[in-house]
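So the structure is just underneath, and the comments pick up after that.
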Amino acid sequence: MRAGPGRLRCPMPKPIPERYQHLRAFAFGDNPALADQLLELVIDGVKTATCSTEDEPNTSAPGERWIVLDGRGEPRCVIETTEVTYRRFGEVDAGFARDEGEGDRSLRIGAMRIAPISAASDDSAKT
């Protein structure tokens, strides 16, 4: 999922404006500290892409907007999906790793983070 320039609405005023109240909401990561860290990368314009598994219930579609929550579950901004691409693990390129914005923004960092999870799944996730 990619969000392009100008597709970010931050900071989110409280309460959530009526025009955004119908949107689905989510937090990045799997714990509050990581949610805050990744959110800041989004707000700073460093993180403009993310990834998930194909069976993820929060799969998006181009044009869809989402409320991004911080680690406390508070709404912080709205992002808009501009592109959705399905790839096997070995097909992820350096450009996507850079756009994902994590670590040193290299494909090596993404592979180190994802490979232990992928090792337990089917051949489609292997490099």
Q: Those residues that are in a helix (DSSP H, G or I) and touching a residue at least 12 places away in the same chain (Cβ under 8 Å), I need them from segment 66-104; list them, please.
A: F89, G90, A94, F96, A97, D99, E100
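Table: residues versus (1) aromatic (F, W, Y); (2) at pLDDT 75 or above; (3) surrounded by 11 or more Cβ atoms within 10 Å (Cβ to Cβ).
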{"position": "R7", "(1), (2), (3)": "no, no, yes"}
{"position": "P11", "(1), (2), (3)": "no, no, no"}
{"position": "R19", "(1), (2), (3)": "no, yes, no"}
{"position": "A35", "(1), (2), (3)": "no, yes, yes"}
{"position": "A49", "(1), (2), (3)": "no, yes, yes"}
Q) If you scan segment 51-81, which residues turn out to be over 17 Å from G29 (Cα atoms) and either touching an Asp or Glu at 6+ places or on another chain (Cβ under 8 Å) or buried (at least 17 other Cβ atoms within 10 Å of the Cβ) (or both)? A) P62, G63, E64, R65, E80, T81
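The values are calculated or read from the model by the stated rules, or taken from the named source; none is laboratory data. None of the values given here were measured: they were computed from a predicted structure. Cβ atoms come from the backbone with ideal geometry, glycine included; neighbour counts cover every protein chain shown.
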